[in-house]
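Trainee: Got a structure for you, written out below as structure tokens; questions coming shortly.
The values are calculated or read from the model by the stated rules, or taken from the named source; none is laboratory data. Not measured: the values here are computed from a predicted model. Please note: Cβ atoms are built from the backbone with ideal geometry, for glycine as well, and neighbour counts cover all protein chains shown. The area values use the complete protein model at the heavy-atom level, side chains included, leaving out ligands, DNA and RNA. Shrake-Rupley method; radii C 1.70, N 1.55, O 1.52, S 1.80 Å.
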Amino acid sequence: MIKLSMHTMATPELTLDQSIQLASQLGFDCIEIVSDERYACGITNATPDHELKRISAIAADQDVGIVGVVPYFQGINSLDAVERQASIDGMKR
């Protein structure tokens, strides 16, 4: 069965909690969460485990699944090998 997912980057001005609530209100089955420190609608590699658990609980309470985390590391296409590898490593965390 195909599920309808909302990417939190559709709501860059909202917090992640608000994005989850909106996805629920709009009838989405699940969300994809951006991983980028520049956006309130996402998480980062430094987001602590207790916060990730809290986010998971909010999504469960709203009956919205979390289908994935989408990293926004733009350096993966860099011609500089060190910058490119740093982005690749960041995506894998």
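Trainee: Only residues that are part of a helix (DSSP H, G or I) and open to solvent by 80 Å² or more (accessible area, probe 1.4 Å): list them for the stretch 59-75, please.
Mentor: If we filter the stretch 59-75 for residues that are part of a helix (DSSP H, G or I), which is where we start, we get 59-61, 74-75.
Within the stretch 59-75, 61, 74 qualify.
Trainee: Another question, if that's okay. Which one of these does residue 47 not meet: (1) without any contact (Cβ under 8 Å) to a residue 12 or more places away in the chain; (2) surrounded by 14 or more Cβ atoms within 10 Å (Cβ to Cβ); (3) in a helix (DSSP H, G or I); (4) of a type in the set (S, T, N, Q)?
Mentor: (3)
Trainee: Is one or more of the residues making up the stretch 17-40 modelled with pLDDT under 90 and out of contact with any strand residue (DSSP E or B) (no Cβ under 8 Å at 6 or more places or on another chain)?
Mentor: Yes: one or more hits.
Trainee: How many residues does the stretch 44-88 contain that are more than 27 Å from residue 26 (Cα to Cα) and of a type in the set (S, T, N, Q)?
Mentor: Number of matching residues: 6.
Trainee: Filter the stretch 22-37 for residues that are free of Cβ contacts under 8 Å to residues at least 24 places away in the same chain and not in a helix (DSSP H, G or I); which is surrounded by the fewest Cβ atoms within 10 Å (Cβ to Cβ)?
Mentor: 27
Trainee: Here is a list: 19, 56, 87. Which entry is polar (S, T, N, Q) and either in a loop (DSSP other than H, G, I, E, B) or surrounded by fewer than 16 Cβ atoms within 10 Å (Cβ to Cβ) (or both)?
Mentor: Numbers: 19 fails: either in a loop (DSSP other than H, G, I, E, B) or surrounded by fewer than 16 Cβ atoms within 10 Å (Cβ to Cβ) (or both); 87 fails: either in a loop (DSSP other than H, G, I, E, B) or surrounded by fewer than 16 Cβ atoms within 10 Å (Cβ to Cβ) (or both).
Answer to the check: 56.
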